[in-house]
1. Which of the residues belonging to the range 17-56 are among the hydrophobic types (A, V, I, L, M, F, W, C), under 22 Å from His81 (Cα atoms) and within 17 Å of the chain's Cα centre (by Cα)?
2. Report every pair of residues separated by at least 6 positions or lying on different chains whose Cβ atoms are under 9 Å apart, first residue within the range 58-80 and of a type in the set (D, E, K, R), second not in a helix (DSSP H, G or I).
3. Is at least one residue of the range 13-29 surrounded by fewer than 16 Cβ atoms within 10 Å (Cβ to Cβ) and within 29 Å of Glu130 (Cα to Cα)?
4. Quick one: which of Val88, Val83, Val46 is under 21 Å from Lys158 (Cβ atoms) and in contact with a strand residue (DSSP E or B) (Cβ under 6 Å, 6 or more places away or on another chain)?
5. Can you run down the residue pairs with Cβ atoms below 7 Å, 6 or more apart or on separate chains, where the first is in the range 118-129 and in contact (Cβ under 8 Å) with a residue 12 or more places away in the chain and on the phi < 0 side of the Ramachandran plot and the partner is among the β-branched types (Val, Ile, Thr) and crowded, with 18+ Cβ neighbours inside 10 Å?
6. Is there a residue being crowded, with 19+ Cβ neighbours inside 10 Å and part of a helix (DSSP H, G or I) anywhere in the range 44-66?
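Derivation of every value follows stated rules applied to the coordinates shown; laboratory data play no part. None of these values were measured; they are calculated from a predicted model. Every residue, glycine as well, gets a Cβ built from its backbone with ideal geometry; the counts of neighbours run over all protein chains shown.
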Amino acid sequence: MTKFKVYDNFLLPSYANYLETLMLSRSIEWEHQDHMDHDDSYPQKVLGILDEGYSVAHNTMYQALAGMIGQIIDELMPDQHPVRIRGVKQRNISDNIQFYPPHTDMTDDGGYSLIYYPTDCTGDTYLFAEKDINDISFVENNDTSNYNWEPTDQVSPKKNRIIVFPSNNYHAGSPPSEIRYLINFNFLPLNNLT
């Protein structure tokens, strides 16, 4: 059974405070998404930071995260490189659901996703046993919305906490009581560069 790897107090307190201040800053221009990546009903705001591993989409935030990226590579992902980084901002919704529709970040085997929580907030993150390696045949008619998802692990957001899990495992956030901020990192093996 796959579980989250959880690292509390990952960054030095002053660096964690700086990232929190930056994420909450009015100078960050969040882009509205009418729906989450793999769902048609729940809106969120996103901040593209690094796209496709090569294109820096938000220079200020990418520079602010440079030290953290180095620490992630040194301590957690020595044989990996970042291919996507984005900020996510979610608000409370009126629907009474346990979690948003589960999704994968990538279908590649060997990739990892990391979620960093820059603030204390509500809205747990769930992990599921199901994997998507270009195949969701376990879901009838490829309709994941009616599948009976059973979480295998659950982690609460906490300022300066980072969680790690395989990118091809289904996972989902849950609605916060107010606002939920996170920074999502996707890593692939270095041999993927060639």
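1. Restricting attention to the range 17-56, the residues satisfying the condition of being among the hydrophobic types (A, V, I, L, M, F, W, C) are 19, 22-24, 28, 30, 36, 46-47, 49-50, 56.
If we keep only those that are under 22 Å from His81 (Cα atoms) too, we end up with 19, 46-47, 49-50, 56.
The answer is Leu19, Val46, Leu47, Ile49, Leu50.
2. What qualifies is Glu75/Tyr7; Glu75/Phe10; Asp79/Pro189.
3. No: the range 13-29 contains no residue that is surrounded by fewer than 16 Cβ atoms within 10 Å (Cβ to Cβ) and within 29 Å of Glu130 (Cα to Cα).
4. Details: Val83 fails: under 21 Å from Lys158 (Cβ atoms); Val46 fails: under 21 Å from Lys158 (Cβ atoms).
Only one candidate qualifies: Val88.
5. Once the first residue is in contact (Cβ under 8 Å) with a residue 12 or more places away in the chain and on the phi < 0 side of the Ramachandran plot and sits in the range 118-129, its partners that are among the β-branched types (Val, Ile, Thr) and crowded, with 18+ Cβ neighbours inside 10 Å give Pro118/Ile183; Asp124/Val155; Thr125/Ile115; Thr125/Val155; Thr125/Ile163.
6. So in the range 44-66, the residues crowded, with 19+ Cβ neighbours inside 10 Å come out as 44, 47, 49-50, 58, 61, 65.
Narrowing further to those that are part of a helix (DSSP H, G or I): 61, 65.
Yes - at least one qualifying residue is present in the range 44-66.
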